[in-house]
Amino acid sequence: MSTVKVARDLTEIGQLYERLLAQAIQKATAKIDGTSLPGGEAMVALAPVADPETNARRVELAEQHHLATCERTEHSRCWTGSEDEDDGEPVLQTLLFWSEQWREEHGYPLEGRRPTVATEANVIRSLLDWAWTNLAQWDTFAKDIRDARIRLENLLYAGARQERTRIVCNRCKADDNTTSRPRLIRLYGPEVDGSGDRWKCPACKVRLDADGVRDAHAAMLRSEGAAKWVPQVDAIGTLKAQGRSERTVRKWLAEGEGEAYCDPVTHEVWVWWPDLWRKHLTAATRTRDAS
């Protein structure tokens with residue numbers, strides 16, 4: 001890999017990292033369970049990290065403590081903190097692994113300042129020509145930088161990311177049974193707020209914007225295959241996506257609109273979706289008639 005490609009990856013890392021805070025805020029306002037960290041992995045990626053030498057010493061001490069106290073005679077399945085966990089390594093930790101050595105060798109000490117993704121990416125970029133000529137582990141280094149960029153892309157759904165949704169295509173020619181229609185693939189755009197996202201059908205190749213996918217969702221919900229029990233929280237979220245306010249939907253539920261039951265084990269509330277969908281369509285019709 002050339003210095004130009006590595007420099008491009010470093011630039012992308014800096015730009016992607018600047019968007020992590022917005023992603024963390026967005027994730028923090030989303031629905032989470034009792035064990036989730038508000039902000040998710042984006043919040044973790046924003047946190048400071050230990051320097052590589054300190055981290056290595058901690059791993060070594062953890063391993064020594066384990067070997068001294070574990071009663072097993074074979075430790076291949078024991079966790080000691082020494083496994084290769086680069087897939088989840090913070091990007092700053094990856095950059096520091098290289099930049100800390102280069103700072104010391106070239107006389108660029110931090111002098112008490114806290115390293116950031118921006119500062120370490122800049123140091124590495126400024127020394128790429130030297131590294132190309134002198135670094136024996138150039139391929140390993142270049143791969144580390146590329147992998148760090150991909151990890152940030154995964155956090156932000158940037159690049160060529162896609163996800164298969166539950167929404168089926170309403171443009172394909174098929175029978176009325178929605179189970180025979182292909183599910184749309186969501187293509188994430190670079191914008192954190194989702195404004196650049198598009199949905200693609202893998203069969204007919206049609207691409208839909210947010211309005212188009214709402215129409216496809218509505219068509220799917222009107223089909224006979226949509227007659228089923230659904231979690232109350234999902235029903236509310238679906239109607240919100242159709243433009244109905246959450247307050248209105250909760251009012252319908254409080255008034256006993258449609259059948260509902262509470263799971264005796266999980267205590268999750270389930271509702272009969274066709275009743276709520278019929279109420280939504282009827283209320284929308286009355287509003288249009290009244291106007």
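For the stretch 2-16, the tally of residues that are without any contact (Cβ under 8 Å) to a residue 24 or more places away in the chain and crowded, with 16+ Cβ neighbours inside 10 Å stands at 0. Checking each residue in the stretch 194-216 for being touching a helix residue (DSSP H, G or I) at 6+ places or on another chain (Cβ under 7 Å) and open to solvent by 30 Å² or more (accessible area, probe 1.4 Å) picks out only ARG214.
Scanning the stretch 252-272 for residues that are among the acidic types (Asp, Glu), in contact with a strand residue (DSSP E or B) (Cβ under 8 Å, 6 or more places away or on another chain) and more than 17 Å from GLY237 (Cα to Cα) returns GLU259, ASP263.
Okay, residues lined up against (1) open to solvent by 20 Å² or more (accessible area, probe 1.4 Å); (2) at pLDDT below 90; (3) of a type in the set (Gly, Ala, Ser):
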{"position": "SER82", "(1), (2), (3)": "yes, yes, yes"}
{"position": "ASP86", "(1), (2), (3)": "yes, yes, no"}
{"position": "VAL117", "(1), (2), (3)": "no, yes, no"}
{"position": "ILE124", "(1), (2), (3)": "no, no, no"}
{"position": "ALA131", "(1), (2), (3)": "no, no, yes"}
{"position": "PHE141", "(1), (2), (3)": "no, no, no"}
{"position": "ARG146", "(1), (2), (3)": "yes, no, no"}
{"position": "ASN154", "(1), (2), (3)": "yes, yes, no"}
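The values are calculated or read from the model by the stated rules, or taken from the named source; none is laboratory data. Everything numeric in this text was worked out from a predicted model, so none of it was measured. Because the Cβ atoms are built from the backbone with ideal geometry, glycine has one as well, and the counts that use them run over all protein chains shown. With ligands, DNA and RNA removed, areas are computed over all heavy atoms of the protein, side chains included. Shrake-Rupley method; radii C 1.70, N 1.55, O 1.52, S 1.80 Å.
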